[in-house]
Amino acid sequence: MKVNKSWWKIASFLLLVYTIVGGFLMEVPHLPILNETIRNLYFHVAMWFGMMILFMASFAYSIKYLRGFNYRNDIYAKQFAALGSLFGILGYTTGAIWVSVTWLTDQSQSIGSVMKEPKLIGAAIALLIYGAYFVLRGSFTDIDKRARISAVYNIFAFVMLFPSIWIIPRLVGSLHPGAPGSDSGNPALNFKDVDLRLRMVFYPAVIGWTLLGVWIATLKIRLQLMNDKSLLPETPTKK
Amino acid sequence: MKYQKKIGLLLLVLSNAVLVFAQDNKPVEMADVMRSNGKIYVVVAICLTILIGLFLYVWNIDRKISKLEKE
């Protein structure tokens, strides 16, 4: 393996080393309730950002598949969706741990109000929609039909992410940042709403985790491409 | 009497404001002990070890797949 071709894998490693060292040792804003757990931003929130980017890649390959019906793009779309879902599940699980030590104890929210948290419900819906994507894929025996219908479904699944995790939690009250009435503004996209010290680790963390996800996805893609060699065109068109 | 009541109410509100202000300025508890006795480095070392192990594993799979692709 040539190093120049795999520079981004090394970049992923270095960024994640920086995430752990900087994430644990660098100064963070002192916030009530959150205290030291604000460092979860580099891990929990980075999972969701990584998920979003991987789903975007999956969405792009689904469109690409529908434009030329190249089976190769279907494999790409499926594996990126799989890694995106994994990141989503990890984000959900880490969120559950974070909830149990902040909202439930220090902020004395009831379990009921946490269960009603629209971002949790929205994220669950989004992940279930992606779960259905894999169920749908598994229920076909005809490869062309499977690729076609699941590509269309994948586009729907990606579009559903926006109302369920980005729009609705910001219209109704939410414990997450960015809700109406909270002073946290738009923490995802507005540079002024996240502390500079957090951003210095957060953005590298997002890139590092995403690259790791892409790496694992490409490994699975390469394996499947080898498996389905007979189904692919003889001279593989460059992507 | 009414006047005094008003003053009293004003003072109550003001003291409340001071109280809120004081709450805002209360130092937030952070894991300073872990930092001062250096135990945080143990956490960093363990997380780095896991990270390096994971990356070595993925790198190894990558190499094996590359070998398979060449065949």
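The values are calculated or read from the model by the stated rules, or taken from the named source; none is laboratory data. Keep in mind that this is a model prediction, so the values were computed, not measured. Positions of Cβ are generated from backbone atoms using ideal geometry, with glycine treated the same way; all protein chains shown enter the neighbour counts.
Does A:Y18 qualify as being closer than 14 Å to A:V206 by Cβ, at pLDDT below 95 and more than 10 Å from every other protein chain (Cβ to nearest Cβ)? Write out each step before concluding.
Working: closer than 14 Å to A:V206 by Cβ: yes; at pLDDT below 95: no; more than 10 Å from every other protein chain (Cβ to nearest Cβ): yes.
Taking the combined requirement at face value, the residue does not satisfy it.
Could you say which residue among A:V159, A:V135, A:V152, A:V172 is of a type in the set (A, V, I, L, M, F, W, C) and either over 22 Å from the mean Cα position of the chain (by Cα) or within 15 Å of A:G91 (Cβ to Cβ) (or both)?
Details: A:V159 fails: either over 22 Å from the mean Cα position of the chain (by Cα) or within 15 Å of A:G91 (Cβ to Cβ) (or both); A:V135 fails: either over 22 Å from the mean Cα position of the chain (by Cα) or within 15 Å of A:G91 (Cβ to Cβ) (or both); A:V152 fails: either over 22 Å from the mean Cα position of the chain (by Cα) or within 15 Å of A:G91 (Cβ to Cβ) (or both).
Checking each option against the conditions leaves just A:V172.
Within the group A:I143, A:I129, which residue is in contact with a helix residue (DSSP H, G or I) (Cβ under 7 Å, 6 or more places away or on another chain), within 30 Å of A:I221 (Cα to Cα), surrounded by fewer than 16 Cβ atoms within 10 Å (Cβ to Cβ) and in contact (Cβ under 8 Å) with a residue 24 or more places away in the chain?
So the residue among A:I143, A:I129 that is in contact with a helix residue (DSSP H, G or I) (Cβ under 7 Å, 6 or more places away or on another chain), within 30 Å of A:I221 (Cα to Cα), surrounded by fewer than 16 Cβ atoms within 10 Å (Cβ to Cβ) and in contact (Cβ under 8 Å) with a residue 24 or more places away in the chain is A:I143.
Identify the residue in region A:15-34 that is in contact (Cβ under 8 Å) with a residue 60 or more places away in the chain and assigned to a helix (DSSP H, G or I) and, among all such residues, is surrounded by the fewest Cβ atoms within 10 Å (Cβ to Cβ).
Here the residue is A:Y18.
If the requirement is being under 26 Å from A:G22 (Cβ atoms) and of a type in the set (A, V, I, L, M), which of these qualifies: A:M47, A:M115?
Just one listed residue meets the conditions, A:M47.
Does A:N40 satisfy the condition of being facing chain B (nearest Cβ under 9 Å) and more than 21 Å from B:W59 (Cβ to Cβ)? Outline the logic, then answer.
On the way: facing chain B (nearest Cβ under 9 Å): no; more than 21 Å from B:W59 (Cβ to Cβ): yes.
No; evaluated as a whole, the condition is false for this residue.
Please verify whether A:G95 is away from every other protein chain (no Cβ under 14 Å), part of a helix (DSSP H, G or I), within 14 Å of the chain's Cα centre (by Cα) and of a type in the set (G, A, S), treating the condition exactly as stated.
So A:G95 passes the test.
Here are some residues: A:L83, A:L66. Which one is farther than 28 Å from A:D195 by Cα, part of a helix (DSSP H, G or I) and within 14 Å of another protein chain (Cβ to nearest Cβ)?
Checking each option against the conditions leaves just A:L83.
Among the residues of region A:9-16, is any farther than 30 Å from A:V159 by Cβ and either in contact with a strand residue (DSSP E or B) (Cβ under 7 Å, 6 or more places away or on another chain) or of a type in the set (F, W, Y) (or both)?
yes
Please state which one of A:T105, A:T37 is assigned to a helix (DSSP H, G or I), surrounded by fewer than 18 Cβ atoms within 10 Å (Cβ to Cβ) and either aromatic (F, W, Y) or modelled with pLDDT under 95 (or both). Walk me through how you get there before you give the answer.
Working: A:T105 fails: assigned to a helix (DSSP H, G or I).
Of A:T105, A:T37, the one residue that is assigned to a helix (DSSP H, G or I), surrounded by fewer than 18 Cβ atoms within 10 Å (Cβ to Cβ) and either aromatic (F, W, Y) or modelled with pLDDT under 95 (or both) is A:T37.
Can you give me the number of residues within region B:27-45 that are more than 8 Å from chain A (Cβ to nearest Cβ) and not in a helix (DSSP H, G or I)?
Going through region B:27-45 one residue at a time, the tally reaches 2.
Could you count how many residues in region A:153-171 are surrounded by 15 or more Cβ atoms within 10 Å (Cβ to Cβ) and closer than 21 Å to A:K64 by Cα?
Result for region A:153-171: 7.
Give all pairs with beta carbons closer than 6 Å in which a residue from region B:46-60 that is within 10 Å of another protein chain (Cβ to nearest Cβ) and closer than 19 Å to A:G23 by Cα meets a residue that is of a type outside the set (S, T, N, Q) and surrounded by 11 or more Cβ atoms within 10 Å (Cβ to Cβ); count only pairs at least 6 apart in sequence or on separate chains.
B:C47/A:I20; B:L48/A:I20; B:L51/A:L16; B:F55/A:F13
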